[in-house]
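Taken together, the values in this text are just the output of simple stated rules run on the coordinates, not laboratory data. Keep in mind the model is a prediction, meaning the values are calculated, not measured. Cβ placement follows ideal geometry from the backbone for every residue including glycine, while neighbour counts extend to all protein chains displayed.
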Amino acid sequence: MAQPVSANIRAAEGFNTCELCSRRSGKGWSFAFKKPVTEGDANAGEIIKCSRCAIRHRPMVRRSLLVALTVGTVLTLLNQGDILFAGEWKSAMYWKIPLTYCVPFLVATYGALTNSRR
Ligand SMILES: [Zn+2]
């Protein structure tokens, strides 16, 4: 049985291995997230994920959705509030309002991935 390779050795070799799917990813394309500390774990407190697994990291997605809900609602009220409260619904709002929620989601996700990049 192979011994787990420490994060320092992996970084020195120029690649990281995803702990979920075992896919290798180069420098800048692997991401480290906090994980619950367990005894005897060489990489205690940190889990390395490839980009495909990182964009599905549940705590990050949950936090981004919360940011999108909060910021998107405020921006929608600021930008479209007068039209909404007047009772008018223009066809352009079918794409404007969803986009207003998408922007903070993407910004929060991009920020989280940038901060966790290895
Ligand atoms: Zn992966």
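Within the same chain, lysines fewer than 8 places from Lys49 are excluded, and of the rest, those with a Cα less than 25 Å from its Cα are Lys27, Lys34, Lys35.
Restricted to Cα atoms, region 58-116 shows a radius of gyration and a Dmax of 13.3, 44 angstrom.
Which loop-located chymotrypsin sites (Phe, Trp or Tyr not before Pro) does region 43-118 contain, where loop means any DSSP state but H, G, I, E or B and the Cβ has at most 15 other Cβ atoms within 10 Å? In loop regions of region 43-118 (DSSP not H, G, I, E or B), the sparsely surrounded chymotrypsin sites (Phe, Trp or Tyr not before Pro) are Trp89.
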